[in-house]
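I am attaching a structure below and will ask some questions about it afterwards.
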Amino acid sequence: GEGVRNRLGPAGRGAMQQTVPVSRKLCGSHRAANQALSQHIQASQDAAAASYSQQDIVHIGVESEESDIITDDSREKYRAVFSVLITKPTCREVAVKGPERDAKAEATKDSEVLGKAYQLEGEPGVKRVAQRLERKRWTLAELAGSNDAALEGLLVSGPVVGVKQEKLIPPGEGWTRFSDEMLWDLRSQVYFAQLGARMGQYLMKDATTKEWKEVDRPHSSVEFPITARAAGASVVRRGAKLERTVLLSELPKIARLALKFPLSFVDSPACAFALFQGMRSAEAADWCAKNFHTKLIPPLATKIHAWETRELQDALGGVLRELDAELLRSSHAFSACSAVVALLLGDRLVISGVGQVRAVLLFEDGSTRQVLACTNDPQDSSERERIEAAGGLLHAGLVHRSVPEAACGAQRILQARHAFEVLQVEPGGPADEKSVRSAYRKLALRVHPDKANAGAEVQAFNKAFARLDDAKEVLEAMLAKDPDACRELHKVLRTEVHLRAGAAELLGVDRAASTDTELLSEEAEKAAKAQKGKLSKMESFTKEHGQAVAICQEAVETMRRPNSTEALPRQEALLRVGLPSSRAMGARDLRYPSGIVQMEPQGTSWHVPSDKRCRLALLVGATASLPDAQLVASTVKLKRQPKAAALRWCLDADPSAASVGAACIGFEIRKNDKRREDAGPAAKKQRSGPSGQQKVGSVFLRHILFRHQQLRSQDPSARREGAAKWPQEAEAAALDVLERLLAGGPTLFGKLCRELSDCQTADQPGQLAGHLGWVGRGEQEQAMEDVAFSLDMNEFSDLVTTSRGVHIIQRLG
């Protein structure tokens, strides 16, 4: 009955009414009339059947589902479901869902409205009304009654004289006015029709035809019951600190405050983490860390629809590429860094990295899973072969641009970057073919295979002798064609193009360092174009022509790069420092004009479980060499202390490393924070407010403080200045005490506090040593407050850094 009528729709119900059997009596006297009537009824039935076969098939119902968000009552949710199989002009299916409702009666009312919308306006009406239902809250009277007045503002059957049509409001933020009928999201280039024939539709313009095409509605962000605790640590044993850690715990908030635009359509939690380690210097790592958020957040805002995991991986790899591209154009181009970055959207974790980095998952049962290990080892046979083919060499484990003058005999010939270096042509170029043959005979006597000792040296001499032959033939051919062009090619190939003086001499421009290089760049471009013209005759004779053209272009980039007079010598001094990795960001001199070092991000993804805890270790440099078993064993008691865990990994890393860094991210099930602020035990109220009672919404704390000599502000509550000279020494001392407390239990607290704490609270008698009493919100620094109110009862905190020093906190109530 009712189900069939809903399925058929209004036209189908009309067809059914025509096919109701008609009672009739056939008699002999009226047989002709009766036959005519019978034929008429049969024809009507056939027409109705044919009409019904072409009607749209409509289904309206209500579905129930469990909420994606864990709530206290965990009740079912309900949605109206409308679907129609449209048969004209082509067969296609349209499905629309109403908003999520707590009561089934509300979803049923939604389904009725969607059905009426289809009767009045068809598919556009259903989609438009579904948008309006998102903002509709049904009253009890509206649910109980059938008065169409309750539907005012929902159903639109056409313009009503004297009544202003209500504009639809799309979900999310960031929409701007495009026209009287449309809104526009600038970053995603999606339009929303508030009025008119396309009312309620999301549209984009076709790039080719410039016509409107309808797109899906924006993604409704889902809040997952997951929290992420993250912290980074570093240890400097000599020199400067090379690591930089970035922890972005709330991307939508950062987007709004720092970049001045919303990020409304991503799942939550929405967090990002990055760890950069400098090579040669810290400048590249520092630059990337400061600009990471400006490259990550805008791409996330360019899409208001659901992200596919592969799209997120590509976007995160694109962030590293964009950072690298700008780094190569900056004054820090010769500095380099390794990088590992992670993005958490809802329960999806996406990781990308380049250089000496690893990412390892640590589970509660002690098992591990390596999710990312980037290619970087120059000692690997395939990497070493690639490096040498590109004109590089490996010395003492570091990658350098080859310097043939430092070698001798066959090795010097094999390391030569071009034919002129093979024959060891002097500055000014070869005079004539006779001089080339003379140089050839002199070198041939040294590297002839007959001169080699047995073993690997024979193979090297054979290769060197063959290359010597090739170089002689190439230079003789070039000199025969055009001696001047040959000598010009030699001049270009031997230029130290990454030095500003060398590039300026090649192009004939001013060599002085400058931070404003716009006019100088234009002059350099013209000079490079003229220089390439002089080399054009050599294009068909040697592959070195392409190398020379690339050197000319690199000379232009050297002159375009801004540099101050003071910074230039320091930057160019980095050219003499090798890299410990075959993959890196920056290091322009090892990537252009030949790719000795490469920048190729690698990525992966993983779904974070919402029913159990786990940790992610982001490791770079020396910490990336730590075995997985050691990562687990050394931090088995530090599962909820990411800062302490990261510091422990740094301290366990190779002691010969000058600077090491690591980051730890703990994923946990979200808890109700209200219970953390409940009243504590009555025995702990001796340090309460003036009334002698615990203050509402407070926690009872005790702590141990470790001060260091780099603190700038005076602390009237300090017991002493502290023995540590640097912050990392104070952190190491705090880590040692925290590990002892977790291993030996809270009974050690009083003894360790009186012995080691630099706060006056350590002098309090007996069990009161270190007690801060009841602490409410706003009474401590933000870092300490955030940690204190996140602790479980009797739990020890992570290492907490404030303006007073480094703390270990325990919550007692």
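The values are calculated or read from the model by the stated rules, or taken from the named source; none is laboratory data. The shown structure was predicted, so the numbers you read here are calculated from the model rather than taken from an experiment. Reconstructed Cβ throughout: ideal geometry from the backbone, glycine too, with neighbour counts over all protein chains shown. The protein model used for the area step is the full one, side chains on, heavy atoms only, and it has no ligands, DNA or RNA in it. Shrake-Rupley method; radii C 1.70, N 1.55, O 1.52, S 1.80 Å.
Identify all residues within region 230-245 that are part of a strand (DSSP E or B) and either surrounded by fewer than 19 Cβ atoms within 10 Å (Cβ to Cβ) or among the polar types (S, T, N, Q) (or both); write none if there are none. Write out each step before concluding.
Initial filter on region 230-245 (part of a strand (DSSP E or B)): 230-236, 243-245.
Once the filter is applied, which keeps residues that are part of a strand (DSSP E or B) and either surrounded by fewer than 19 Cβ atoms within 10 Å (Cβ to Cβ) or among the polar types (S, T, N, Q) (or both), region 230-245 yields Ser234, Val236, Thr245.
Identify the residue in region 320-334 that is closer than 19 Å to Ile297 by Cβ and out of contact with any strand residue (DSSP E or B) (no Cβ under 7 Å at 6 or more places or on another chain) and, among all such residues, is least open to solvent (accessible area, probe 1.4 Å). Walk me through how you get there before you give the answer.
Step one: list which residues in region 320-334 are closer than 19 Å to Ile297 by Cβ, which gives 320-327.
Narrowing further to those that are out of contact with any strand residue (DSSP E or B) (no Cβ under 7 Å at 6 or more places or on another chain): 321-322, 325-326.
Values: Arg321: 125, Glu322: 82, Ala325: 36, Glu326: 55 Å².
Per the criteria, the residue is Ala325.
Condition (residue is within 15 Å of Ala584 (Cβ to Cβ), assigned to a loop (DSSP other than H, G, I, E, B) and open to solvent by 10 Å² or more (accessible area, probe 1.4 Å)) applied to region 308-319: is it met by at least one residue?
No, region 308-319 has no match at all.
Go through region 537-558 residue by residue and tally those that are in contact (Cβ under 8 Å) with a residue 40 or more places away in the chain and over 33 Å from the mean Cα position of the chain (by Cα).
11
Each row is one residue, and each column tells you yes or no for (1) closer than 27 Å to Gly232 by Cα; (2) open to solvent by less than 50 Å² (accessible area, probe 1.4 Å); (3) of a type in the set (D, E, K, R).
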residue: Glu755; (1), (2), (3): no, no, yes
residue: His771; (1), (2), (3): no, yes, no
residue: Gln782; (1), (2), (3): yes, no, no
residue: Gln810; (1), (2), (3): yes, yes, no
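Same structure again: Residue check: is Gly409 among the small types (Gly, Ala, Ser), touching a Cys at 6+ places or on another chain (Cβ under 6 Å) and touching a residue at least 40 places away in the same chain (Cβ under 8 Å)? Show your work before the answer.
On the way: among the small types (Gly, Ala, Ser): yes; touching a Cys at 6+ places or on another chain (Cβ under 6 Å): no; touching a residue at least 40 places away in the same chain (Cβ under 8 Å): yes.
Against the criterion (among the small types (Gly, Ala, Ser), touching a Cys at 6+ places or on another chain (Cβ under 6 Å) and touching a residue at least 40 places away in the same chain (Cβ under 8 Å)), Gly409 does not qualify.
Name every residue in region 454-496 that is open to solvent by 70 Å² or more (accessible area, probe 1.4 Å), out of contact with any helix residue (DSSP H, G or I) (no Cβ under 9 Å at 6 or more places or on another chain) and not in a helix (DSSP H, G or I), in order of residue number.
Across region 454-496, the qualifying residue is only Ala454.
For Leu791, are the conditions met, namely being surrounded by 15 or more Cβ atoms within 10 Å (Cβ to Cβ), within 32 Å of the chain's Cα centre (by Cα) and either under 29 Å from Ala663 (Cβ atoms) or at pLDDT 90 or above (or both)? Can you show your working first?
Details: surrounded by 15 or more Cβ atoms within 10 Å (Cβ to Cβ): yes; within 32 Å of the chain's Cα centre (by Cα): yes; either under 29 Å from Ala663 (Cβ atoms) or at pLDDT 90 or above (or both): yes.
Here the answer is yes, as Leu791 does meet what is asked.
Suppose we filter Ala622, Ala617 for residues that are small (Gly, Ala, Ser), open to solvent by less than 30 Å² (accessible area, probe 1.4 Å) and either over 13 Å from Ala342 (Cβ atoms) or part of a helix (DSSP H, G or I) (or both); which single one remains? Let's see the steps before the verdict.
Details: Ala617 fails: either over 13 Å from Ala342 (Cβ atoms) or part of a helix (DSSP H, G or I) (or both).
None of the other options fit; the residue is Ala622.
In region 413-442, what count of residues is obtained for those that are out of contact with any Ser or Thr (no Cβ under 8 Å at 6 or more places or on another chain), assigned to a helix (DSSP H, G or I) and surrounded by fewer than 22 Cβ atoms within 10 Å (Cβ to Cβ)?
So the count comes out to 11.
For Val737, are the conditions met, namely being modelled with pLDDT under 90 and buried (at least 20 other Cβ atoms within 10 Å of the Cβ)?
On the way: modelled with pLDDT under 90: no; buried (at least 20 other Cβ atoms within 10 Å of the Cβ): yes.
For Val737, the condition - modelled with pLDDT under 90 and buried (at least 20 other Cβ atoms within 10 Å of the Cβ) - is not met.
Moving to a separate point now. Residue under question is Arg648, and the condition is that it be open to solvent by 10 Å² or more (accessible area, probe 1.4 Å) and farther than 21 Å from Ala272 by Cα; does it hold? Full working, then the answer.
Details: open to solvent by 10 Å² or more (accessible area, probe 1.4 Å): yes; farther than 21 Å from Ala272 by Cα: yes.
So Arg648 passes the test.
I would also like to ask the following. Select from region 194-207 the residues that are under 15 Å from Ile304 (Cβ atoms) and modelled with pLDDT of 90 or more and write down the one among them that is surrounded by the most Cβ atoms within 10 Å (Cβ to Cβ). Steps first, please.
Taking region 194-207 and keeping what is under 15 Å from Ile304 (Cβ atoms), we get 201-204.
When the remaining residues are screened for being modelled with pLDDT of 90 or more, the result is 202-204.
Numbers: Tyr202: 22, Leu203: 17, Met204: 13.
Ranking the candidates gives Tyr202 first.
Find the residue count for region 443-453, including only residues that are open to solvent by 50 Å² or more (accessible area, probe 1.4 Å) and either in contact with a Pro (Cβ under 7 Å, 6 or more places away or on another chain) or under 27 Å from Arg401 (Cα atoms) (or both).
Total satisfying the criteria: 2.
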